[in-house]
There are 2 protein chains.
Amino acid sequence: MSTTIALDAFGGDNCPAVEVEAAVAAAREGLSVILVGDRDRLAAELARHDLHDIDAAGALRGLPLRVHHASEVITMDDTPSKVVRSKTDASMPVCFDLVKLGVAQAVISAGNSGAMLACGLLKFGRLKGIDRPAISASVPRPRGQCVLLDMGANVECKPINLVQFAVMGAIFARTSHGVARARVGVLSNGTEEGKGTELTRAAHRALSAHPSADFSYAGYVEGKDIFKDRVDVIVTDGFTGNIALKVMEATAVAFAEQLRAAVEERTLSKVGALLMRPTFALFKQRLDPDTYGGAPLLGVEGVTIISHGGASPRALLNGIRLAGQYAARDLTPALRLAAQAHKDLFAAAKREESAS
Amino acid sequence: MSTTIALDAFGGDNCPAVEVEAAVAAAREGLSVILVGDRDRLAAELARHDLHDIDAAGALRGLPLRVHHASEVITMDDTPSKVVRSKTDASMPVCFDLVKLGVAQAVISAGNSGAMLACGLLKFGRLKGIDRPAISASVPRPRGQCVLLDMGANVECKPINLVQFAVMGAIFARTSHGVARARVGVLSNGTEEGKGTELTRAAHRALSAHPSADFSYAGYVEGKDIFKDRVDVIVTDGFTGNIALKVMEATAVAFAEQLRAAVEERTLSKVGALLMRPTFALFKQRLDPDTYGGAPLLGVEGVTIISHGGASPRALLNGIRLAGQYAARDLTPALRLAAQAHKDLFAAAKREESAS
């Protein structure tokens, strides 16, 4: 079955120009995309790309791209409940409807991430057996990537949530990064048993006591292990994960800026920097969040990619590619299966929780 | 009054060689240091520095350096209770005793940080009005530094703890970094009011409702604000703070390694890198944790500096200098005064806590 991606054309800070540019580029690569949002504004934006022939069904001649009209827009101020209850014809929730109708197989938006979470939960529904979905990020390493979750869907977590994140992260690492049997760690303030919080200790006990066929549990890990080839997946609550991810991004930016400032201070360094320019460019690309494009929301009944508001056309294009890959590689069915296969682990984690 | 620093000579991974080297360097700068630990082993180590003349009182001729015997050593496996109850003649607790006796004015150790916390609490005692001490880190920025606390003394915190960390951080920023009236933020997963956890929201309410003469409250901050000139102090629980600090260090190391690898890939880049070498060296020094040397434990009745186990002689020397500065600038009395001056804020924060 070919895969079609529903793209919320009114999500990002520079919508719909960025979305349309990304969608056109994706369609030119042969990816099937539906641009969801105000038909007239999208027609005007598509005309800038010399795409004038939108037929009555919203299809564009010659490209696997079409427009699906939605009359409203979700803003950053809309509460999740408002999104679902009263803005039913907004571009974001309509994307989810298109997947439910079988017209598309994945959703991507650079809009309000709380609203994306609400739509994922209420339109797609939770995966059976998973209590809370999680936002996953993949940090590039010299070899492979490190999957981090949760990056902010759940600011307060229970041990069962971390245990389920471990299972979902392992399946995601297999589907997305080709890791046959992921090594999974729990993020903590030290690797010794006594470290961590009540939350991490209970998750650690459950994961230690119940081995899984789908992943090996590596115990507590620290911040440095994100960049080492020690684990493939790191689980944490959404508060800590969100802060860790933002600190990581901010440190990389600060490092690059300080390096640039240091280079400016010396003439010979400037010459050196000129010679190093291609290296810096390569390096920047490796670290650039745009290279990755979007974070999947794992644990809902459909492929859902959350991109950031400031995403560039290139970032969104990469997000569309990812959405297509996840749908084509059957990420959701694999997660559904794993949730069932780990019923005993989840039951044990819940017993652990009520015992403590 | 001149300031003397009690240095635990058996704390770090390479003790006592590193400690002796740092102490000798500090004494040669005119700083007064007491090396605490096994007298014979210290005499042997000092002999390598051509310092043979230790008199019966432990003093060395010609340098403000002396040895104070302690028969035992705290290991990384010693529990805090063991340290305080049964290892009473270990080098670490003896350092604290020397301060209590008025012989020294500050303690520094690269040993077991849990044991340092226990000694600080039980030998020095908590500052009146402060419920829990915090470990503080100072992150260098192009202009000034950002004080982060708690970096790991308290993995689980209450709102009152974060409020007290705000006061202590502000006083520390003034005493140590010359910031007249610090801007203080609470670390969160977003800057909007609704973000954060129960803990951060309660601390945010208390700090918003009760202005202080000693600092201005700037609300929620994110990871990126560590590197921006937006706040001078960031407070968080010790679990999140420890992870944020380690992620920051790990990202800087990973960035540097990937840059080096990228340089190696291209000949012209190698030439460029040669020309840039002095810049890299300057840059490395700015980021090198050794430049800072140790983290003060704020909230106990005496200057206590926790250095890391792998500290180099240069790091420990910097830690000794810091310890001397904090003692000379009356950090502890300033914190004591501030705790009293903020009684109303603390009472309000506790009411906030019991109401929620």
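The values are calculated or read from the model by the stated rules, or taken from the named source; none is laboratory data. In this text the structure is predicted, and so the values were computed from the model without any measurement. Glycine gets a Cβ as well: all are built from the backbone with ideal geometry, and neighbour counts include every protein chain shown.
Every residue, every condition in (1) on the phi > 0 side of the Ramachandran plot; (2) of a type in the set (D, E, K, R), yes or no:
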{"position": "B:Ala17", "(1), (2)": "no, no"}
{"position": "B:Val20", "(1), (2)": "no, no"}
{"position": "B:Gly30", "(1), (2)": "yes, no"}
{"position": "B:Leu42", "(1), (2)": "no, no"}
{"position": "B:Ala57", "(1), (2)": "no, no"}
{"position": "B:Asp78", "(1), (2)": "no, yes"}
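Please pick out the residue among A:Ala256, A:Ala252, A:Ala244, A:Ala261 that is over 22 Å from A:Thr175 (Cβ atoms), small (Gly, Ala, Ser) and buried (at least 24 other Cβ atoms within 10 Å of the Cβ). Full working, then the answer.
On the way: A:Ala256 fails: buried (at least 24 other Cβ atoms within 10 Å of the Cβ); A:Ala252 fails: buried (at least 24 other Cβ atoms within 10 Å of the Cβ); A:Ala261 fails: buried (at least 24 other Cβ atoms within 10 Å of the Cβ).
Checking each option against the conditions leaves just A:Ala244.
Quick check on this structure: which one of A:Ser212, A:Ser176, A:Ser216 is hydroxyl-bearing (Ser, Thr, Tyr), more than 13 Å from chain B (Cβ to nearest Cβ) and buried (at least 20 other Cβ atoms within 10 Å of the Cβ)?
A:Ser212
Would you pick out the residues in the stretch B:122-159 that are under 11 Å from the mean Cα position of the chain (by Cα), in a loop (DSSP other than H, G, I, E, B) and closer than 18 Å to B:Ala202 by Cβ?
Correct list: B:Asp150 only.
Among the residues of the stretch A:52-67, are any of a type in the set (Val, Ile, Thr) and closer than 24 Å to A:Arg329 by Cβ?
no
Scanning the stretch A:50-86 for residues that are at pLDDT below 90 and part of a strand (DSSP E or B), which turns out surrounded by the most Cβ atoms within 10 Å (Cβ to Cβ)?
Step by step, filter the stretch A:50-86, then rank; the result is A:Leu60.
In the stretch B:239-253, what residues are more than 7 Å from chain A (Cβ to nearest Cβ) and closer than 25 Å to A:Glu156 by Cβ?
Residues satisfying the conditions are B:Gly241, B:Leu245.
Could you tell me which of the residues B:Asp97, B:Asp78, B:Asp131, B:Asp89 is farther than 30 Å from B:Gln164 by Cβ and among the charged types (D, E, K, R)?
B:Asp89
Are there any pairs with C-beta distances below 8 angstrom linking a residue in the stretch B:321-334 that is part of a loop (DSSP other than H, G, I, E, B) to a residue that is of a type outside the set (Phe, Trp, Tyr) and surrounded by 15 or more Cβ atoms within 10 Å (Cβ to Cβ), with the two at least 6 apart or on different chains, and if so which?
Qualifying pairs under 8 Å: B:Arg329/B:Thr175; B:Arg329/B:Ser176; B:Asp330/B:Thr175.
Any idea which of (1) crowded, with 24+ Cβ neighbours inside 10 Å; (2) within 14 Å of chain B (Cβ to nearest Cβ); (3) assigned to a loop (DSSP other than H, G, I, E, B) is the one A:Ala115 doesn't satisfy?
A:Ala115 satisfies every listed condition except (3).
Would you point out the residue of the stretch A:219-235, among those that are touching a helix residue (DSSP H, G or I) at 6+ places or on another chain (Cβ under 7 Å) and surrounded by 23 or more Cβ atoms within 10 Å (Cβ to Cβ), that is nearest to the other protein chains (Cβ to nearest Cβ)?
A:Gly223
Taking the stretch A:60-97 only, how many residues are closer than 26 Å to A:Arg48 by Cα and within 21 Å of the chain's Cα centre (by Cα)?
Final tally of qualifying residues: 6.
Could you tell me whether the stretch B:140-149 includes any residue that is in contact with a Leu (Cβ under 6 Å, 6 or more places away or on another chain) and under 30 Å from A:Glu192 (Cα atoms)?
Within the stretch B:140-149 (the criterion being in contact with a Leu (Cβ under 6 Å, 6 or more places away or on another chain) and under 30 Å from A:Glu192 (Cα atoms)), the answer is no, since none of the residues qualifies.
Out of A:Arg181, A:Arg141, which single residue is farther than 16 Å from A:Ala334 by Cβ, surrounded by fewer than 24 Cβ atoms within 10 Å (Cβ to Cβ) and among the basic types (Lys, Arg)?
A:Arg141
Give me the residue from the stretch B:340-356 that is touching a helix residue (DSSP H, G or I) at 6+ places or on another chain (Cβ under 7 Å) and hydrophobic (A, V, I, L, M, F, W, C) and, out of that set, surrounded by the fewest Cβ atoms within 10 Å (Cβ to Cβ).
By that ranking, first place goes to B:Ala348.
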